[in-house]
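*Asks:* Below you'll find the structure I mean.
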Amino acid sequence: MLNRLRLLLLSTPVGALGSGAGGGVELTLANCGRELQRRGHQVQVCAPSGSRLPGLEVVAIEGTPHVPAQTQARLTPITMPPHSVLANMWAWAQREQANYDLLLNFAYDWLPLYLTPFFRTPVAHLVSMASLNEAMDRAIATLARYHPIALAFHSHAQAATFGKLPPYTCLSNAIDLERYQFGDRPSAQLAWVGRIAPEKALEDAIQAAQQANLPLKICGKLQDHTYWQQLQAAYPDADFDYLGFLPTDKLQQVLSNSLALLVTPRWVEAFGNVAIEALACGVPVVAYRRGGPAEIVRDGETGFLVEPDSVAGLVAAIGQLERLDRNACRRQAEQEFSLTALGDRLETWLTAVIRQP
Ligand code: UDP
């Protein structure tokens, strides 16, 4: 059994925790931190100033946020803003490293990967997105060569985008199931949840809902304003409402009250937290058969997996929703995506990293 570990969790540099800019990483970091702390480990979080993370001790670091990797081209060179918050966070970690048994990195960025061998305290990396950038791919390949134990992914589909890797840890993901209420009397509406940005292909969900004659409720961080304006102009007659970037208790109410969640990413989604949040509410997930969601949804039981980029496929699946039992969705979330299950996997992984620094 593990001793009490002293852990420093280093956040993403794309924005403050609580802002939504970090996408699923924000919830993942909060859940990992809270579960490790609940198990008796000492947990501190190093994050950009302005971060809100109730229940965990945050070391706030000043600096300029980074541009998200998914908004840049594959061959974009590594760039850092002047007064980079990421560089400042890792400089702080370098000075304080002797106070920790392990540093756990949540940033999808070249810098922490590059810095890993220069630290005396072991560094572990939870990679949050699929392959997007050549420099990141090379940094991951290098680490995979000399220290593969230090890398973990959320899904096998995500890991596969980085090419052939030695055996790696697949952590999947989890949520605090108690925060999500089972809803067995949904309204006649569909939900779409996520960052509003082109890689999420919200237009497919809007078209599918329109063709299925159902209103679409949209929740999430409005990340790309131009894209959102284009969508509003392109579908003037579609029945969709933007409800804002909601806190979890409000988000789960919208989900519980929906017939299904549509998950329509154009990219390889590393995992798709929103899919397990829906399942926890007893809400079937209609998703493209691609990336993380394809490893989450039990096709024909807790949702439907549809040919990628096929709006007609989404519409056909929406027409079959009555076949599904919402209890099976909640049951799957309880069986596979509890914080206890994630905590066990995390402890196994982090112990292995500490034992083979
Ligand atoms: N989310 C939220 N409020 C909203 C919409 C989304 O808190 O109104 C959170 C949601 O809980 C999830 C994250 O945004 O954790 C989206 O993560 P996901 O893994 O689905 O996609 P990513 O943004 O990481 O690509």
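*Asks:* Of the residues ALA69, ALA124, ALA93, which single one is under 27 Å from ASN31 (Cβ atoms), touching a Phe, Trp or Tyr at 6+ places or on another chain (Cβ under 6 Å) and either surrounded by 15 or more Cβ atoms within 10 Å (Cβ to Cβ) or at pLDDT 95 or above (or both)?
*Replies:* Of ALA69, ALA124, ALA93, the one residue that is under 27 Å from ASN31 (Cβ atoms), touching a Phe, Trp or Tyr at 6+ places or on another chain (Cβ under 6 Å) and either surrounded by 15 or more Cβ atoms within 10 Å (Cβ to Cβ) or at pLDDT 95 or above (or both) is ALA69.
*Asks:* Hey, which of the strands (runs of 3 or more DSSP E) in the stretch 28-136, taking only ones fully inside, have at least 1 residues that are of a type in the set (D, E, K, R)?
*Replies:* So the answer is 57-61.
*Asks:* Does at least one position in the stretch 160-177 carry a residue that is farther than 30 Å from LEU36 by Cα and surrounded by fewer than 14 Cβ atoms within 10 Å (Cβ to Cβ)?
*Replies:* The answer is yes, given that some residue of the stretch 160-177 is farther than 30 Å from LEU36 by Cα and surrounded by fewer than 14 Cβ atoms within 10 Å (Cβ to Cβ).
*Asks:* Give the number of residues within the stretch 244-266 that are in contact with a Cys (Cβ under 8 Å, 6 or more places away or on another chain), near the ligand (Cβ under 7 Å from one of its atoms) and not in a loop (DSSP other than H, G, I, E, B).
*Replies:* Residues meeting the conditions: 2.
*Asks:* Something else now. Exactly one of (1) crowded, with 24+ Cβ neighbours inside 10 Å; (2) at pLDDT below 95 is unmet by LEU262. Its number?
*Replies:* Result: LEU262 fails condition (2) only.
*Asks:* On to the next question. List the number of the failed condition for ALA287; all other conditions in (1) outside any helix (DSSP H, G or I); (2) surrounded by fewer than 20 Cβ atoms within 10 Å (Cβ to Cβ) hold.
*Replies:* Evaluating ALA287 over (1) outside any helix (DSSP H, G or I); (2) surrounded by fewer than 20 Cβ atoms within 10 Å (Cβ to Cβ) leaves (2) as the failure.
*Asks:* Mind listing whichever residues of the stretch 325-346 are open to solvent by 20 Å² or more (accessible area, probe 1.4 Å) and within 20 Å of GLY300 (Cβ to Cβ)?
*Replies:* Scanning the stretch 325-346 gives ASP325, ARG326, ASN327, ARG330, ARG331, GLU334, GLN335, GLU336.
*Asks:* Quick check on this structure: which one of GLU269, GLU301 is outside any helix (DSSP H, G or I), more than 15 Å from the ligand (Cβ to nearest atom) and either buried (at least 24 other Cβ atoms within 10 Å of the Cβ) or in contact (Cβ under 8 Å) with a residue 24 or more places away in the chain (or both)?
*Replies:* GLU301
*Asks:* For the stretch 127-159, enumerate the residues that are aromatic (Phe, Trp, Tyr) and either open to solvent by 30 Å² or more (accessible area, probe 1.4 Å) or more than 16 Å from the ligand (Cβ to nearest atom) (or both).
*Replies:* The answer is TYR146, and nothing else.
*Asks:* Quick one: count up the residues across the stretch 194-238 that are within 16 Å of the ligand (Cβ to nearest atom), among the charged types (D, E, K, R) and over 20 Å from ALA130 (Cβ atoms).
*Replies:* Of the residues in the stretch 194-238, 1 are within 16 Å of the ligand (Cβ to nearest atom), among the charged types (D, E, K, R) and over 20 Å from ALA130 (Cβ atoms).
*Asks:* Related question: Going by the conditions given, is ALA233 under 21 Å from ARG331 (Cβ atoms), open to solvent by 30 Å² or more (accessible area, probe 1.4 Å) and assigned to a helix (DSSP H, G or I)?
*Replies:* Criteria not met by ALA233.
*Asks:* In the set ALA152, ALA91, ALA159, which member is touching a Cys at 6+ places or on another chain (Cβ under 8 Å), free of Cβ contacts under 8 Å to residues at least 60 places away in the same chain and of a type outside the set (Phe, Trp, Tyr)?
*Replies:* Residue meeting the stated conditions: ALA159.
*Asks:* Could you tell me whether PRO13 is in contact (Cβ under 8 Å) with a residue 60 or more places away in the chain, in a loop (DSSP other than H, G, I, E, B) and within 16 Å of the ligand (Cβ to nearest atom)?
*Replies:* yes
*Asks:* Further question on the same structure: Hey, can you tell me all the residues within the stretch 274-291 that are within 20 Å of GLU203 (Cα to Cα) and within 8 Å of the ligand (Cβ to nearest atom)?
*Replies:* Answer for the stretch 274-291, where residues must be within 20 Å of GLU203 (Cα to Cα) and within 8 Å of the ligand (Cβ to nearest atom): VAL274, ALA275.
*Asks:* Which condition number in (1) over 24 Å from ASP176 (Cβ atoms); (2) hydrophobic (A, V, I, L, M, F, W, C); (3) within 15 Å of the ligand (Cβ to nearest atom) is the one that ALA317 fails?
*Replies:* (3)
The values are calculated or read from the model by the stated rules, or taken from the named source; none is laboratory data. What you are looking at is a predicted structure, and each value in this text was computed from that prediction instead of being measured. Note that each Cβ is placed from the backbone with ideal geometry, even for glycine, and that neighbours are counted across all protein chains shown. The area values use the complete protein model at the heavy-atom level, side chains included, leaving out ligands, DNA and RNA. Shrake-Rupley method; radii C 1.70, N 1.55, O 1.52, S 1.80 Å.
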